[in-house]
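Here the structure comes first, spelled out in structure tokens, and everything after it is commentary.
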Amino acid sequence: MNKTIKLAVAGAVLSAASIANAGIIIPAGEWTIDVNGNVNAYASWYEADDLATATVDGGLAGTKDARGNDSSASIGTGLLPSWLGFTGTTRQNDTDVSFTISIQPNASDNGYTGDGATGASANSSVLARQAFLTFGDASWGSVKLGKDLGIFASDAILNDMTLLGVGSGGNISGSALNSTNGGIGTGYIYAAWKGQVAYTTPNMNGFQATVGITNPNQGVDSVTFQDGFGIEAKAHYAFPMGKVWVSGASYERDEATAANSYDVTVMDIGATVNVGNLALTGYFYSGEGAGTTFLGNLGATGGQERDSDGGYLQATYVIPSGTKLGAAYGISNLDKASNEADSELVEENKRWTVGAYHPLTKHLNLVAEYSDLTSEGHDGERNESGKLSLGAILFF
């Protein structure tokens, strides 16, 4: 598998016996081609609190739909979308060279034709999350150019147990997002997939660091913009029983409607410790202007930055059958800006998840999860929803 998928699998499964160590290896002259990825699908049943009367701005918990229904069902992909990746590696002139290109199709759509091309609410879109090259050597490190998972908060999502499952989000049949939220927005900010130029140091007895510039993407709210490159960095130290990591990001953003600019700064710290079949993960982040769920989302108003913080705690245990049982609790908080009045602005999104992940074969995992999600606004408005998901994920 390519590096990102390998890290995702290692962090989410925490059991080498349940996942293949590589994809389909094909020698091709001077190159070695690795065809890799996964296919997953889940049947999910979702129910919202039928007492909710309003939607929390920035809240992730569901509410009744336009027809007053407080429940729904869907079949779709989980937090990790279905994936088809191609990685080529070679060594030339004492330099390791590689490329990675991948696509991520959906598992379902809501159109009446079922093919995603036509029909009401047709949304079986295909994502393109990776297209990058690397070059380097074990003696001096490596350079990456292109689109890949962001640097800040990448370890937070790669260590989330719901990466093998669903977590929260994706309540609508055939969701156009192609994946669910997992623990995004309820314990950590989404690392996202970004154009970047990044340097990673060689592995120095378990310590490794990455620093890079990232593409100036438009804000998720469509009214904030980034004029220049962002700066992101991370460092981690791996030891026999686990690892510890820190990361950070710095951006400058503009509000299109008011000619205001503000700074986005955020830092995090996390650790995973393995003791026998037990794995414990703890994570915390804090920022100014960083907002919630997505980096910079609702991070400021009128040029005034809002503070935010959050984190998650997670425990998993592998029982004798090989099944991994897990429980997690996460919360993301968003403060008001100075002198900002109470409003429907989200104050906190919090989630708890319990799950079971069973390796039916070396490549195939059966998954059962339940997540409960609560969103509360600064005005006291509260939404709550729950989601049960059953399905499977196959890696190759």
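The values are calculated or read from the model by the stated rules, or taken from the named source; none is laboratory data. Computed from a predicted structure; not experimentally measured. A quick note on method: Cβ atoms are made from the backbone with ideal geometry, for glycine too, and the neighbour counts reach across all protein chains shown.
Below is a table of values for the structure above.
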quantity: GLU384, sole failed condition from (1) modelled with pLDDT of 95 or more; (2) part of a strand (DSSP E or B); (3) more than 30 Å from PRO216 (Cα to Cα); calculated: (1)
quantity: Selection count where residues are aromatic (Phe, Trp, Tyr) and free of Cβ contacts under 8 Å to residues at least 12 places away in the same chain, scope the range 23-46; calculated: 0
quantity: Meets criteria (at positive phi and in contact with a helix residue (DSSP H, G or I) (Cβ under 9 Å, 6 or more places away or on another chain)) for GLY355; calculated: no
quantity: One residue from ASP309, ASP335 being free of Cβ contacts under 8 Å to residues at least 40 places away in the same chain and over 18 Å from the mean Cα position of the chain (by Cα); calculated: ASP335
quantity: Strands (runs of 3 or more DSSP E) contained in the range 227-323 and holding at least 2 residues surrounded by fewer than 20 Cβ atoms within 10 Å (Cβ to Cβ) and acidic (Asp, Glu); calculated: 242-255, 307-318
quantity: Number of positions in the range 324-346 that are assigned to a strand (DSSP E or B) and under 27 Å from LEU295 (Cβ atoms); calculated: 10
quantity: Selection within the range 337-360 - modelled with pLDDT of 95 or more and more than 24 Å from ILE189 (Cα to Cα); calculated: ALA356, TYR357, HIS358, PRO359, LEU360
quantity: Residues within the range 87-102 that are free of Cβ contacts under 8 Å to residues at least 40 places away in the same chain, surrounded by 12 or more Cβ atoms within 10 Å (Cβ to Cβ) and more than 12 Å from LYS144 (Cα to Cα), tallied; calculated: 2
quantity: Residues within the range 340-363 that are surrounded by fewer than 19 Cβ atoms within 10 Å (Cβ to Cβ) and under 24 Å from SER82 (Cα atoms), tallied; calculated: 7
quantity: Failed item in (1) over 23 Å from ASN106 (Cβ atoms); (2) of a type outside the set (Val, Ile, Thr); (3) at pLDDT 90 or above, with ASP70 passing the rest; calculated: (3)
quantity: Matching residues, the range 308-349, being touching a Leu at 6+ places or on another chain (Cβ under 8 Å) and more than 22 Å from LEU164 (Cβ to Cβ); calculated: SER308, LEU334, LYS336, LEU345, VAL346, GLU347, GLU348
